[in-house]
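The values are calculated or read from the model by the stated rules, or taken from the named source; none is laboratory data. The model shown is predicted, which means the values in this text are computed figures rather than measured ones. Positions of Cβ are backbone-derived with ideal geometry, glycine not excepted, and every protein chain shown enters the neighbour counts.
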Amino acid sequence: MSDEVHRRRSTPEPGDETLSQTSQQKAIMVVDDSQTVRNIMALIVHRLGHRTIRAASAMEGLTLLTESVPDLIFLDITLPGMDGLDVCKVIKNTRHTKHVPVIMLSGNDQVFDKVMGRLAGASDYITKPFEPETIRKCLETYCGQSDRVGEGLWQKPR
């Protein structure tokens with residue numbers, strides 16, 4: 001295990017929560033090589049009342065999945081080493097993770113990419129850049145969050 005992975009797990013970042021969570025709080029994994037995207041996603045997820053598990057690469061994400069199974073995974077298509085489509089196939093072909101919805105993230109809005117995501121087993125596809133409302137709708141759809149928690153996502157917390 002690399003020092004970076006160990007440091008990331010032992011030092012919570014904004015949006016990461018401890019394991020003491022409410023029964024409605026969900027674990028949302030974000031796998032993206034862009035730290036900016038991971039931080040924005042963590043902020044949105046945190047303000048919606050959930051916790052994030054972050055990974056900067058495909059291998060880091062797959063390693064984290066052996067330790068904890070999230071309720072939802074946001075997965076970038078373009079990752080170093082192994083692309084997100086291949087990671088999605090691994091997730092969907094693994095007994096303990098095949099039930100987890102995977103939302104593909106991409107800067108491409110091409111029909112071909114969306115079809116490839118579906119064929120890999122993805123539940124949905126979001127084009128970057130995205131609005132916080134898009135993430136809220138995904139959480140509502142795939143995690144059963146039906147209330148309006150998180151309205152005004154960019155307002156300062158009280």
* **Options T11, T97; residue that is modelled with pLDDT under 95 and not small (G, A, S)** => T11
* Structure fact -> The correct count of residues that are under 11 Å from L72 (Cα atoms) and assigned to a loop (DSSP other than H, G, I, E, B) in segment 99-121 is 3
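Yes or no, residue by residue, for (1) at pLDDT below 95; (2) part of a strand (DSSP E or B):
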position	(1), (2)
S23	yes, no
M29	no, yes
I40	no, no
L43	no, no
T52	no, yes
L62	no, no
L65	no, no
V69	no, no
I73	no, yes
* Restricting attention to segment 29-45, which residues are farther than 15 Å from L75 by Cβ and surrounded by fewer than 20 Cβ atoms within 10 Å (Cβ to Cβ)? -> Q35, T36, N39, I40, L43
* Pairs only if they're at least six apart or on different chains, beta carbon under 8 angstrom, first in segment 65-91 and closer than 11 Å to A55 by Cβ, second acidic (D, E) and part of a loop (DSSP other than H, G, I, E, B); list them, first residue then second. => F74/D32; L75/D32; D76/D32; D76/D33; L79/D32; L79/D33
* To do: Have a look at I91, I77, I126 and point out the one that is surrounded by fewer than 20 Cβ atoms within 10 Å (Cβ to Cβ) and touching a strand residue (DSSP E or B) at 6+ places or on another chain (Cβ under 7 Å).
  => I126
